[in-house]
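Q: Sharing a structure, written as structure tokens. Questions coming.
The values are calculated or read from the model by the stated rules, or taken from the named source; none is laboratory data. Keep in mind that this is a model prediction, so the values were computed, not measured. Note that we place each Cβ from the backbone using ideal geometry, even for glycine, and neighbour counts take in every protein chain shown.
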């Protein structure tokens, strides 16, 4: 069964809507700025939506409302499936609760009355309430691969006839003291900016953001004459089973995910017109990903990572990438590696927006723990 994308909601450091984010992206703008959100930690380049770290609850409500409006759908949607993931979920709330309870203040008792609302799956439950769905609710957590995992699970629900409509994506509000301290201890954070595939790259820039897609069966989308961005063709999901934070040397499992996705989509390597790379700007990820692309696509294929503009939104990054791929299909315009100056790798990197006949695209996500996710998206007539 064909799966169409009929609505997109996006909130990012570039803007609070899909169109605003896209326009700034193709204009070469970056949402990364120097911030010091916590006085106990040093100033760092971060991708914030506003001047202060976002709250997960309000961010989720905003992005879902945007997707519903874009799809021209109004609750109640009782049969709509919900697949909303996050790699950090309500970690900010947990850190705040921990600080409050450690001081034994009366405010801790008040806050703990609602602690169940901060469990990892509760954003998905909140979305079900927002769209008034009594159907299936899933809350995947797969590190930085979460967004594509969510889209893959949603597409599978439609392909197997379990749902005709699913709202799917990922929401991330990861700017917390613990997250920043942890990435800093690993030596993974950049001190100046995000430069995927660059010689001068230093590491990732942590960012917040969210993207959700409204997926519908082709039959349902056509019946209601819905606007269609593109089609989810298929996906590939594998695990390295190798290391907690380092990719597997040789990328054997990541390559398997790409091949699995192409086989399920009935596409060949030569059918792919563009790859939205994971491109985190860390030394290991970019090197391994570049080698993977060179090995699988010796003929060359246009590639870009948009994290130079948005920063790394962790679990939401694959969902943002998928949405940018759908916009590329819609406008026949490939988004650039914002800030690219001196590439390290022999790839066909898109450095400025490029007009291109684009029918089939791939979006990559590679998460900590060796979570590999690839989704293929296609243009519809």
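Q: Considering 108, 92, which residue is part of a helix (DSSP H, G or I), out of contact with any strand residue (DSSP E or B) (no Cβ under 8 Å at 6 or more places or on another chain), modelled with pLDDT under 95 and under 21 Å from residue 310 (Cα atoms)?
A: 92
Q: I would also like to ask the following. Taking the options 299, 294, name whichever one is without any contact (Cβ under 8 Å) to a residue 40 or more places away in the chain and over 20 Å from the mean Cα position of the chain (by Cα).
A: Of 299, 294, the one residue that is without any contact (Cβ under 8 Å) to a residue 40 or more places away in the chain and over 20 Å from the mean Cα position of the chain (by Cα) is 299.
Q: May I pose another question? Using the structure shown, decide if residue 288 is in contact with a helix residue (DSSP H, G or I) (Cβ under 9 Å, 6 or more places away or on another chain) and not in a loop (DSSP other than H, G, I, E, B).
A: yes
Q: If you go through segment 300-318 one residue at a time, do you hit one that is modelled with pLDDT under 95 and part of a loop (DSSP other than H, G, I, E, B)?
A: Within segment 300-318 (the criterion being modelled with pLDDT under 95 and part of a loop (DSSP other than H, G, I, E, B)), the answer is yes, since at least one residue qualifies.
Q: If you go through segment 173-183, how many residues are over 25 Å from residue 10 (Cβ atoms) and either crowded, with 20+ Cβ neighbours inside 10 Å or without any contact (Cβ under 8 Å) to a residue 60 or more places away in the chain (or both)?
A: Here the count works out to 1.
Residue by residue, here is whether (1) outside any loop (DSSP other than H, G, I, E, B); (2) in contact with a helix residue (DSSP H, G or I) (Cβ under 6 Å, 6 or more places away or on another chain); (3) at pLDDT below 95 holds:
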residue: 133; (1), (2), (3): no, no, no
residue: 153; (1), (2), (3): yes, no, no
residue: 161; (1), (2), (3): no, no, no
residue: 166; (1), (2), (3): yes, yes, no
residue: 185; (1), (2), (3): yes, no, yes
residue: 194; (1), (2), (3): no, yes, no
residue: 211; (1), (2), (3): yes, yes, no
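Q: In segment 264-272, is there at least one residue being outside any helix (DSSP H, G or I), at pLDDT 95 or above and out of contact with any strand residue (DSSP E or B) (no Cβ under 9 Å at 6 or more places or on another chain)?
A: Yes, some residue in segment 264-272 is outside any helix (DSSP H, G or I), at pLDDT 95 or above and out of contact with any strand residue (DSSP E or B) (no Cβ under 9 Å at 6 or more places or on another chain).
Q: Here is a follow-up. From the list 127, 64, 82, pick out the single residue that is modelled with pLDDT of 95 or more, part of a strand (DSSP E or B) and surrounded by 14 or more Cβ atoms within 10 Å (Cβ to Cβ).
A: 82
Q: Something else about it: When residues of segment 225-247 are filtered for being farther than 23 Å from residue 359 by Cα and either buried (at least 19 other Cβ atoms within 10 Å of the Cβ) or touching a residue at least 40 places away in the same chain (Cβ under 8 Å) (or both), how many remain?
A: Final tally of qualifying residues: 9.
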